[in-house]
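J.: Please read through the structure below; I'll follow up with questions.
The values are calculated or read from the model by the stated rules, or taken from the named source; none is laboratory data. The structure presented is a predicted model; accordingly, all values stated were derived computationally and were not measured. Cβ placement follows ideal geometry from the backbone for every residue including glycine, while neighbour counts extend to all protein chains displayed. The accessibility values were calculated without ligands, DNA or RNA, using every heavy atom of the protein model including side chains. Shrake-Rupley method; radii C 1.70, N 1.55, O 1.52, S 1.80 Å.
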Amino acid sequence: MNLKKFQIEDLSHPNSDVIFILESPHTQELNVGYPAAGETGVNMSKVIFNCEQPLGELIKNRAPLPTQLSILNCSRIPLQSTCYAGEKLPLKLVEFFRIQTIYDPLVQRQKNQIKDILRSEIGLNALDSFESRLYASIQISQKAKIVVCGVIAQCFFEEVTKLQGQLRKATEFAWKEFNFSVFYEYHPSSKSGRWSDSSGMEALRHYLS
């Protein structure tokens, strides 16, 4: 199976003020070829810029935004098997996609189960890819604030950086030769419903300001 046709590149720009870390692309991202292009991207734009265009589209088209942003997906390929219609998925990949079924942002035990899956052969390859892309992005934007969105993204981030963070708490952190600030936020999908409550996003907006 050729996974390259399902890979989506990050939107990583030099001198970014903020680096958003998301989980993985989905169907709309596969269609257009960049992250945060669908419903998730719209939810993010509404909260951050009060705008209806998907955040990935704004960044991809170099819209004149008040804040320079980058977006990294932890996994460059979708983590949902439904995105691979008509493809025969290897058993190891099917097992890795179980990562999407273990999802409760408030249950540490389930977070540990996600990390166990990340320590599989496919998971370690995904972590290596994410680490190299995260390093490169921070290297060109060393003053950027980092926002990690969703439990799976948090698990990727913690496995790479060894950070043990708390949900929705800004943390000053050192990784490799870099010092930066990281903030945990809920996943911006409509399914989570968190980003649709504007009053609940004040902490994020304060962090970004």
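J.: For segment 136-180, which positions are surrounded by fewer than 15 Cβ atoms within 10 Å (Cβ to Cβ) and of a type in the set (S, T, N, Q)?
T.: Hits for segment 136-180 are 139, 142, 164, 166, 171, 179.
J.: Also: Any idea which of (1) part of a helix (DSSP H, G or I); (2) touching a residue at least 24 places away in the same chain (Cβ under 8 Å); (3) surrounded by fewer than 21 Cβ atoms within 10 Å (Cβ to Cβ) is the one residue 31 doesn't satisfy?
T.: (2) is the only condition that residue 31 fails.
J.: Here is a follow-up. Out of curiosity, is residue 10 surrounded by fewer than 18 Cβ atoms within 10 Å (Cβ to Cβ) and at pLDDT 95 or above? Walk me through it before giving the result.
T.: Working: surrounded by fewer than 18 Cβ atoms within 10 Å (Cβ to Cβ): no; at pLDDT 95 or above: yes.
No.
J.: Across segment 114-124, what is the total count of residues that are crowded, with 20+ Cβ neighbours inside 10 Å and of a type in the set (Gly, Ala, Ser)?
T.: 1
J.: If residue 70 meets every condition in (1) part of a helix (DSSP H, G or I); (2) among the polar types (S, T, N, Q); (3) open to solvent by less than 40 Å² (accessible area, probe 1.4 Å) apart from one, which number is that one?
T.: (1)
J.: Pairs only if they're at least six apart or on different chains, beta carbon under 7 angstrom, first in segment 1-12 and over 16 Å from residue 35 (Cβ atoms), second in a loop (DSSP other than H, G, I, E, B) and not hydrophobic (A, V, I, L, M, F, W, C); list them, first residue then second.
T.: If the second residue must be in a loop (DSSP other than H, G, I, E, B) and not hydrophobic (A, V, I, L, M, F, W, C), the pairs left are 1/87; 1/88; 1/90.
J.: Let me ask something additional. Within segment 49-73, track down each residue that is under 21 Å from residue 24 (Cβ atoms) and either modelled with pLDDT under 95 or under 14 Å from the mean Cα position of the chain (by Cα) (or both).
T.: 55, 56, 69, 70, 71, 72, 73 - these are the residues of segment 49-73 that are under 21 Å from residue 24 (Cβ atoms) and either modelled with pLDDT under 95 or under 14 Å from the mean Cα position of the chain (by Cα) (or both).
J.: From the list 58, 127, 89, pick out the single residue that is open to solvent by less than 20 Å² (accessible area, probe 1.4 Å) and either outside any helix (DSSP H, G or I) or under 24 Å from residue 176 (Cα atoms) (or both).
T.: Working: 58 fails: either outside any helix (DSSP H, G or I) or under 24 Å from residue 176 (Cα atoms) (or both); 89 fails: open to solvent by less than 20 Å² (accessible area, probe 1.4 Å).
Only one candidate passes the filter, namely 127.
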